[in-house]
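Chemist: Pasting a structure here, questions to come.
The values are calculated or read from the model by the stated rules, or taken from the named source; none is laboratory data. What you are looking at is a predicted structure, and each value in this text was computed from that prediction instead of being measured. Neighbour counts run over all protein chains shown; Cβ positions are idealised from the backbone, glycine included.
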Amino acid sequence: MQLYSRIYDYITEYWHLIYEVYAKHGIAYLCNYYHINSGATTWDDENLMSGPYEFIGQLSGVRWNKILLLPLYYITETSTNFDAKEEGYVNEGEVSFVIPSDYGLVPGPGDIIKLDQRYLDYNPAADNHPIYMVGGVKKQSTQEKSFWQLQCTVFQSRTVDELDLQVDNTTVFYDYDKKIHSINDSVELTKILNKYQIIRDNLARVYDENSGFYLL
């Protein structure tokens, strides 16, 4: 075979751009993500084909793990296609989101997404916007670093107040390391970062540019 060399390593640069740069510096939309706690959820495996009687409500056995401030990327335009059904014309309100696999979350059908209205609405007090249920999940590649693409539809006319009654664990996405932590761990990490910031500011004030020494 003929030996040759390339000036640019296109494949490596492309993967770095997609799975490193975009995952960390893309425009993010924050949400509260409700991930099904399959271990604590009660399923009806006889009459309802291994599904719950209802997802939200007093008759539901579904339990959730709530993730605060999880960033989503590449939100598509909500479709307005109407489907003729027995109850009439129904608008499913389909939309898709993207989540990097680096976050350590493996999404699944049945998960619920609630966009943070403080960043999308001028009047967040009147939060009457829908919640979305994940209907399909597609992994963009078989590599270690990838993206999860979620196909979602507008869920029932429910509020997150009802949904929060079925939450077992609440965690938070921490932007510094792009990982999901417990609330207590995120508070401790914030305290450590604040201490580092104070130390760095104090050192910057005593640094002498002429000598290159820190004069205390």
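Chemist: Output the number of the condition that Phe55 fails; it satisfies all remaining conditions of (1) surrounded by fewer than 20 Cβ atoms within 10 Å (Cβ to Cβ); (2) at pLDDT below 85; (3) not aliphatic (A, V, I, L, M).
Modeler: (1)
Chemist: So is Glu46 over 25 Å from Ile180 (Cα atoms) and at pLDDT 75 or above or not?
Modeler: no
Chemist: Right, another one. Could you run through the stretch 21-39 and say how many residues are modelled with pLDDT of 85 or more and in a loop (DSSP other than H, G, I, E, B)?
Modeler: 1
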